[in-house]
Ligand SMILES: [Zn+2]
């Protein structure tokens, strides 16, 4: 079974601010079509068996992909899609909204992005959210890594900061998005020693040399079993991400460079992410 652990939907215009949209071309070279319809998302998920779909709320960036919007969409494809809620820790109602998203909207996890939501991961205001997520068994996908957005503070983006949360909430399952790019090495040493912290490999392949080196580093540190497949749709599709993963050894032919093994590649693609994220019972 192939699970895309990292996909976005939104309504544009509507959910994104113009400032955010204007900066999207910086995300990768080549066009990103942000004018996505839900049917486009669903069609792109044809190459995977299940897909996780994120809501996203950032007051600082005036971005709000509502929990209700994601819930309604995933409910129309219950065998295939799993919705993750988003709350902004700066909102005084964040914990109540998370509870509502789980009990009423049946969302199954949480997406956080300190760099987008303008908070330090260890800020006291975020603690009740981690506590609630741990109590409810909700996995958190956390965007700890770089971004294209000018006003989003990089100081909140370091993957190593996730360790404090992991130590305080040992049963909380967390996934660091994009392998914490460009701090992949920090992510690797973190997921090596924190049992419930994982990483997804979404959106790294745009820089193929970097992607290859990341995969080799993961092998050398023995953490490939902590890697989950993801695309970051609509920035790319699961099919393009799968193709890139199969092509990861393109630099190796005719050299003595180490190979990313077939076991690593198929392991990432076929890993039972639902089991890891406590979602097996929810489908
Ligand atoms: Zn993303």
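When each of the peptides 243-251, 197-205 is scored by how many other beta carbons lie within 10 Å of its residues on average, the order from highest to lowest is 197-205, 243-251.
Helix 208-221 and the longest principal axis of the C-alpha atoms of the chain enclose an angle of approximately 90°. Computed over all pairs of different Cα atoms, the Kirkwood value for the hydrodynamic radius of the chain is 18.8 Å.
Spin-label model, residue 221 to residue 164: label points 7 Å out along the Cα-to-beta-carbon direction sit 2.0 nm apart. Of all beta bridges that DSSP places with both ends in the chain, some 10 percent have antiparallel geometry. Multiplying the residue separation of residue 171 and residue 125 by 0.36 nm and subtracting their alpha-carbon distance yields 14.6 nm. Principal-axis analysis of the Cα atoms of the chain puts helix 184-193 at an angle of about 80° to the longest axis. Does a label point 7 Å from the Cα of residue 37, set along Cα-to-beta-carbon, have any residues of region 214-234 with amide nitrogen under 17 Å, and which are they? Those under the cut-off are 234. The fewest-to-most ranking of 5, 218 by surrounding Cβ atoms within 10 Å reads 218, 5. When 40, 88 are sorted by how many other C-beta atoms sit within 10 angstrom of their C-beta, beginning with the fewest, the order is 40, 88. The share of alpha-carbon pairs in region 112-242 lying farther apart than 25 Å comes to 22%.
I need 183, 10, 209 ordered by Cβ neighbour count within 10 Å, fewest first. Kindly include the intermediate steps, with their values, before the conclusion.
Values: 183 19, 10 23, 209 9.
The order, fewest Cβ neighbours first, is 209, 183, 10.
Axis of helix 94-103 versus longest Cα principal axis of the chain: the two differ by about 80°, to the nearest ten degrees.
For region 3-282, what relative contact order do you get, as a whole percent, if you take Cα pairs closer than 8 Å and at least 6 residues apart?
On the way: 530 pairs, mean separation 51.6, N = 280.
RCO, region 3-282: 18 percent.
Remark: the residue 26-residue 76 segment gains 14.7 nm on full extension, using 0.36 nm per residue and subtracting the alpha carbon distance.
Every read-out reported here was derived from the displayed coordinates using simple, explicitly stated rules and does not represent laboratory data. Since this is a predicted model, take the numbers as computed values, not measurements. As a convention, Cβ positions derive from the backbone with ideal geometry for all residues, glycine included, and neighbour counts pool all protein chains shown.
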